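J.: The structure that follows is given in the form of structure tokens.
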Amino acid sequence: METPALLLLIALGVLCPPSVSSAQDLSYVSEMFSQTPQRLSFYSWYGNVRIFQFQVPADAVLLRWLLQASRGKGNGCEDVEITVHFRYGAPPVINPLGYSFAPNTSVPFSFNQTMKFRNSMQSNLYLNISNPTPGDWFVAAHLPKDTEKIEIQGLTKSCTYIFQPELFVLREVNVPILQEDAPTLQVLDSIKNPARYKLFVPEYTQELRLQLLRCTSNGTGCPLKVTVGSFTQPDSPSHEVNCSDGSDCGIVLQSPPWEKWLTVIVEKPQSLNSSVSFQLAYNLSVCKPGSVASRTFLSFLNLFSPNNSALVTDGQQTTPSTTVLLNEGPTSCLRKYPVIREDLDVVSVRFHPVTSPSVPVVSQLPSVVLLDLNSETDNGGMLVVNLQLNKTGVSSMNSTVVACLSPAAPVLNLNVTQKCTTAFSQGFTFNLSDGATSGTHNIPYPVTDRWYISMQILCPGDDSTCQQQISRVIVSAYLSPCLNDCGKYGECRLLRRNGYLYAACSCKAGWAGWSCTDDQNALSVAQQLIATLLLTLSNLMFVPTIVVAIYHLYFVEAAVYAYTMFFSTFYHACDQPGVTVMCIMDYDTLQFCDFFGSVVAIWVTILCMARLKKIFKYVLFMLGALVIAMSMQLDRRGIWNMLGPCLFALIVLVIAWTTRGVKRRHCYPPSWQRWVFFLIPGIALALTAISVYVFAETNANYYYTHSLWHIMVAASVAFLLPPRERNKKAWQWSQLLDCDYKICKEDREELYVVT
């Protein structure tokens, strides 16, 4: 399917790299990545999404995605629209159905593309991304909204939609590395355009200044454009400058990403044939963190001191659980407080400040807390950060604390700009004051990175009292698979796609949304109770059927109907999605007994209608029950578990009735009253019940349609059960007892008749 298109894609990538011509000092290599095709599903919750993870190498110049989709043949295959989402660093957070998120939830951005078949069996889509950010890229694909039609496995045939993404990567080899404060002469000509460079940003970098110097060309001005950074999403902050206004121009980046490589691209217009010479230079403003300590930490250091004496700070010995702010130097730009990362379980991490639950915050320097989410298993859950202003101390009165949660680098100029933005990302702001002492941000699928919480007191003007104030903020941060375990009306499920593990909420009782917090279509407790009563009490329709069976002396059949009624009632009482749930035993056991009893009830009813000899009838009863139990264990929801026994029993019924009709030379059953008042109504009820079960049941009307199925099936059995044999009197005890001379008497009578 994909071989011709893929070869064409490789040829285009190798022969025609984007905006770059071949040169002796430029070298490009190509790499290709592919993953196993997956079958797409119609969307009802995030578990229907198919996730693909790709690792983009460093120095990548171009990404070319080849998105391939195919569908099966048949009338059920429609021209549906496939939606494909892209995101860097974590899986896309999507909301195709427009449900609301939980309060204080910040939704990360992801971009998407759509694919249509347009009356064809295949659909291909190409997507180019220039200058991509190296690291994990995620692709998520799904079909439109699910119709919520309950499909019976093996009976209703659905269309198959297959999706497979493939990634072609073109990357440059030996990209020049810029050295700080060491400008070198560079030349752009028709061969080398654009030019790529990279530089490393160390930890504790406060500001990066990049300058283009001594730009000269044969024409007038400096026709160059300088871009810093890589592509992560269409609306990502773009740092570029057009140097046509002067020979010297530059870019200033506040809070650039720490311990990361940045890409610098210099290019001239394609229409300009003359060469351009220039110099690139950059310098970093790197600061040192202010020192902090605690009684526990100082005591630990005291164990290794030569005199083993108590450490004293500023002439005073520290007290227990007291955080000490040591003197910072003139180059300090922040106070960094250590944090313990505690791994609890899969996609479950908790962070604890080492010093104490509360972090001191002042106005001079921001207090920074690091949340290390740099593992590949940390981007498949929900990051919850809660900050609470501690008002127990006098020093915390009349203070306004602004805080910022940001990835890659902390915000170090909160008291100046009061903007929660770094060089390449938009952070999440907290404002704590006397009116709002706490704030929370829930971030689904956080980007894999080092996250920072920056906190600082805002002081108006030259308020000396405020500048000397110390506020304490209680920091609570953790990563969990789902927010509040999806609440009362949801189930948190761990999902795995191609080795990648992530979590999502499966909602019930009409609740919806990312964390099952959208109650727009939710069922009230009264509606849940009504639904439970409908599904359970509708099984009481088997009571008249059991009475009819006992009246006609069909005790084995009556026992089967009682078994079916009992387990169907309590299975549906346990299967409810809301709070009106009652489980008398394990759910799986109840489900097996319900499915098993339903099929066996149909099996014994049809065989009873055939009026076989007792020895044959009870052998078939037992043998059929054993085979049905085996098939239920193999595939509980397979259509042939019910259809197979029914067809076999109907064949036995037809053979038995045909044999009797031939021997008697009369239609069997012979009585027209039996046909009009019992068989035809019973068959009509059974066919109607099957039609409702197969064609009308959906997730929305399940409570009503399935209750109707219970009623009509039980009623049809009562009509279809044959009358008792003529030689048996109702409730004559001699007819109910086994063994003794009764059987011998019947055998002798049959012998006399034959003789």
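The values are calculated or read from the model by the stated rules, or taken from the named source; none is laboratory data. Small disclaimer: the values here were computed from a predicted structure and weren't measured. All Cβ positions, even for glycine, are placed from backbone atoms using ideal geometry, and neighbour counts span all protein chains on display. Side chains included, ligands, DNA and RNA excluded: accessible areas come from the protein's heavy atoms. Shrake-Rupley method; radii C 1.70, N 1.55, O 1.52, S 1.80 Å.
J.: Dipole of the stretch 332-476 (Lys/Arg Cβ +1, Asp/Glu Cβ -1, origin at the Cα centre): which of Ile453, Val354, Thr437 lies farthest to the positive side?
T.: In the stretch 332-476, that residue is Thr437.
J.: Return the Rg/Rh value of the stretch 434-544, two decimal places, where both radii are evaluated on C-alpha atoms and Rh is the Kirkwood radius.
T.: Values: Rg = 23.8 Å, Rh = 19.2 Å.
When Rh is taken as the Kirkwood radius, the ratio is 1.24.
J.: Related question: Have a look at Pro176, Ile150, Cys222 and report the one farthest towards the positive end of the charge dipole of the stretch 145-240, computed about the Cα centre with Cβ charges (Lys/Arg +1, Asp/Glu -1).
T.: Cys222
J.: Find the centroid of the Cα atoms in the stretch 592-670 and in the stretch 441-474, then give the distance between the two in whole Å.
T.: When both Cα centres are located, 74 Å separates them.
J.: Using +1 at the C-beta of Lys and Arg and -1 at the C-beta of Asp and Glu, which of Thr105, Gln122, Ile94 has the Cα lying farthest in the positive direction of the dipole of the stretch 34-123?
T.: Farthest along the dipole direction, towards plus: Gln122.
J.: On average, how much accessible surface per residue is there in the stretch 69-224, in Å², for a 1.4 Å probe, leaving out ligands, DNA and RNA? Provide the component values of the computation, followed by the final result.
T.: Values: 7280 Å² over 156 residues.
Result: 47 Å² per residue.
J.: Take the alpha carbon atoms of the stretch 146-216, find their center, do the same for the stretch 684-726, and report the distance between the two centers in whole angstrom.
T.: Rounded to whole Å, the Cα centres lie 60 Å apart.
J.: Next question. How much area per residue is accessible in the stretch 345-414 when the probe is 1.4 Å and only protein heavy atoms are counted (Å²)? Walk me through the numbers on the way to the answer.
T.: On the way: 2160 Å² over 70 residues.
Dividing the accessible area of the stretch 345-414 by its residue count gives 31 Å².
J.: Then there is this: For the stretch 529-625, what is the charge dipole size about the Cα centre, in debye to the nearest 20, if Lys and Arg each add +1 at the Cβ and Asp and Glu each add -1 at the Cβ?
T.: Details: 4 positive and 5 negative charges, 124 e Å.
In total the dipole reaches around 600 debye.
J.: On to the next question. Place the peptides 181-192, 44-55, 634-645 in order of packing, highest mean first, counting for every residue the other Cβ atoms within 10 Å and averaging per peptide. Spell out each step's value before the answer.
T.: Numbers: 181-192: 13.8, 44-55: 18.9, 634-645: 15.8.
Packing proxy ranking, top to bottom: 44-55, 634-645, 181-192.
J.: Give me the 1.4 Å probe accessible area per residue for the stretch 507-550, excluding ligands and nucleic acids, in Å². Before the final figure, lay out the partial values.
T.: Details: 2050 Å² over 44 residues.
Solvent-accessible surface per residue comes out at 47 Å².
J.: Further, regarding this structure: With a 10 Å radius around each residue's Cβ, average the other Cβ atoms per peptide and rank 711-724, 198-211, highest first. Let's see the in-between values first.
T.: Working: 711-724: 20.2, 198-211: 18.0.
Ranking, from highest mean packing down: 711-724, 198-211.
J.: Quick check: with the 1.4 Å probe, what order do Lys145, Lys663, Lys268 take by accessible area, largest first? Spell out each step's value before the answer.
T.: Details: Lys145 125, Lys663 165, Lys268 10 Å².
From most exposed to least exposed: Lys663, Lys145, Lys268.
J.: Filter Lys225/Lys419; Lys145/Lys419; Lys73/Lys508 down to the pairs with a C-alpha to C-alpha distance above 32 Å, please. Provide the component values of the computation, followed by the final result.
T.: Numbers: Lys225/Lys419 27 Å; Lys145/Lys419 39 Å; Lys73/Lys508 34 Å.
Violating the 32 Å limit, Cα to Cα: Lys145/Lys419; Lys73/Lys508.
J.: Can I ask one more? Under the definition of Cα pairs under 8 Å and six or more residues apart, what whole-number percent is the relative contact order of the stretch 456-511? Each step should come with its number before you reach the end.
T.: Numbers: 47 pairs, mean separation 13.9, N = 56.
Averaging sequence separation for qualifying contacts and normalising by length gives 25 percent for the stretch 456-511.
J.: Take the solvent-accessible surface of the protein heavy atoms, probe 1.4 Å, and return the percent of it on the stretch 494-640 that carbon and sulfur atoms account for.
T.: Working: 4820 of 6890 Å².
Reported share for carbon and sulfur atoms: 70 percent.
J.: Next question. Leu495 accessible area, nearest 10 Å², 1.4 Å probe?
T.: Its heavy atoms expose roughly 30 Å² to the probe.
J.: Here's something else I'd like to know. Accessible area, 1.4 Å probe, largest first: how do Tyr703, Tyr28 sort? Write out the running numbers ahead of the final one.
T.: Details: Tyr703 35, Tyr28 60 Å².
Descending accessible area places them as Tyr28, Tyr703.
J.: Output needed: percent of Cα pairs per 5 Å distance bin for the stretch 595-664, bins running from 0 to the one holding the longest distance.
T.: 3, 18, 28, 22, 14, 8, 4, 2, 1
J.: Can I ask one more? Report the charge-dipole magnitude of the stretch 449-577 in Debye, nearest 20, computed about the Cα centre from +1 at each Lys and Arg Cβ and -1 at each Asp and Glu Cβ.
T.: Details: 7 positive and 9 negative charges, 67 e Å.
Dipole size: approximately 320 debye.
J.: How many nm is it between the label spots at Ala436 and Tyr587, if each spot is 7 Å from the Cα in line with the beta carbon?
T.: About 3.9 nm separates the two model spin labels.
J.: Also, I was wondering about something else. How many angstrom lie between the C-alpha centres of the stretch 45-119 and the stretch 515-534?
T.: 31
J.: Assigning unit charges at the beta carbon (Lys, Arg +1; Asp, Glu -1) and nothing else, what dipole magnitude in debye, to the nearest 20, does the stretch 665-729 show about its Cα centre?
T.: Numbers: 6 positive and 2 negative charges, 121 e Å.
In debye, rounded to 20, the stretch 665-729 gives about 580.
J.: Express the carbon and sulfur contribution to the solvent-accessible surface of the stretch 64-214 as a percent, rounded to the nearest whole number, probe 1.4 angstrom. Intermediate results must be reported in sequence, preceding the final value.
T.: Values: 3120 of 6810 Å².
On the stretch 64-214, the fraction of accessible area on carbon and sulfur atoms equals 46 percent.
J.: Separate question: For the ranges 487-494, 64-71, what's the packing order if you count other beta-carbon atoms within 10 Å of each residue, average per peptide, and put the highest first? List each step's numbers first, then the result.
T.: Working: 487-494: 18.0, 64-71: 20.8.
Ranking, from highest mean packing down: 64-71, 487-494.
J.: At a Förster radius of 30 Å, what calculated FRET efficiency corresponds to the Cβ-Cβ distance of Ile470 and Asp372, to the nearest 0.05? Working shown, then result.
T.: Values: r = 26 Å, r/R0 = 0.88.
After rounding to 0.05, the efficiency reads 0.70.
J.: Taking amide hydrogens as modeled 1.01 Å from N in the peptide plane, which residues meet the under 5 Å criterion relative to Gln418, leaving out close sequence neighbours?
T.: Sorted by chain and number, the residues that satisfy this come to none at all.
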